[in-house]
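Q: Mind looking over this structure? Questions follow.
The numbers here are math on the coordinates, done by the rules we state, and not lab data. Here the structure is a predicted model, which means the values were calculated and not measured. In this analysis, Cβ positions are derived from the backbone assuming ideal geometry, glycine residues included, and neighbour counts consider all displayed protein chains.
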Amino acid sequence: MHIVLTTALSLFAFIKGNWREWEKYHLTIMYVTICNLLYNHLAQNKMLWEYYPDFYPKSHIIVDILYSFINLPAITLLFLTYYPFTASRLKKFRYITLWAAASLIIEYPFYKYDRLLLQHGYEYWMDLFFYIVMYSMIRLHYSRPFLAYFLSALIAAAMLWMFEIPLE
């Protein structure tokens, strides 16, 4: 399932993404990649969500690498390519909500068929808020990266505290 998603996202990003202006997006793509890698490092002893591999059941690392370096960059490129920068706040909110809902829908089969394990108090419904925050932070980083870094640190600290993730 993960390979199908990675292939589909890669093709979609290749066909529909704004590759002519990739330089505009590369810092935000790196931000998203670093955030995912930082989550994997900080929560390595108490993962809230963990991808269960399709082919290598003893290690989720390969799937995390796919998500960090292919899926999330593709999603970021597509999200920013079509973001309605000049639209009203309502249209921007709808756009982010649409992406969050689509992410939930795409994620559901992974959750249902145990390719995404949610654990330690993290539940599927919480992903709606996670995705709204994630897409909002992608947009914020694109225009105000230092504010995004600051808020990301606060959000990460809050999640570490709320889910009692030990830093060892």
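Q: Can you give me the distance in nm between label points at Ile65 and Phe129, each placed 7 Å from the Cα along the Cα-to-Cβ direction?
A: 3.4 nm
Q: Using the structure shown, select from Lys16/Lys112; Lys16/Lys91; Lys24/Lys91 the pairs with a Cα to Cα distance greater than 25 angstrom.
A: Details: Lys16/Lys112 29 Å; Lys16/Lys91 21 Å; Lys24/Lys91 22 Å.
Those over the limit are Lys16/Lys112.
Q: Using the count of nearby Cβ atoms within 10 Å as a rough guide to exposure, how do Ile70, Ile61, Ile138 rank from fewest to most? Each step should come with its number before you reach the end.
A: Details: Ile70 17, Ile61 12, Ile138 24.
Least to most surrounded, the residues fall as Ile61, Ile70, Ile138.
Q: Could you give the nm distance between label points at Thr7 and Glu21, where each point is 7 Å from its Cα heading toward the beta carbon?
A: 3.2 nm
Q: Something else: Using DSSP to define loop residues, name the chymotrypsin sites (Phe, Trp or Tyr not before Pro) in segment 28-118 whose beta-carbon has at most 13 other beta-carbon atoms within 10 Å. Could you put the intermediate results ahead of the total?
A: On the way: sites: Tyr31, Tyr39, Trp49, Tyr51, Phe55, Tyr67, Phe69, Phe79, Tyr82, Phe85, Phe93, Tyr95, Trp99, Phe110, Tyr111, Tyr113; in loops: Phe55, Tyr82, Phe85, Tyr113.
Within segment 28-118, the qualifying chymotrypsin sites (Phe, Trp or Tyr not before Pro) (loop, at most 13 other Cβ atoms within 10 Å) are Phe55, Tyr82, Phe85, Tyr113.
Q: Right, something else. Using the Kirkwood radius over Cα pairs, work out the Stokes-Einstein diffusion coefficient for the chain at 25 °C and 0.890 mPa s, in µm²/s as a whole number. Kindly include the intermediate steps, with their values, before the conclusion.
A: Numbers: Rh = 16.7 Å.
Answer, rounded: 147 µm²/s.
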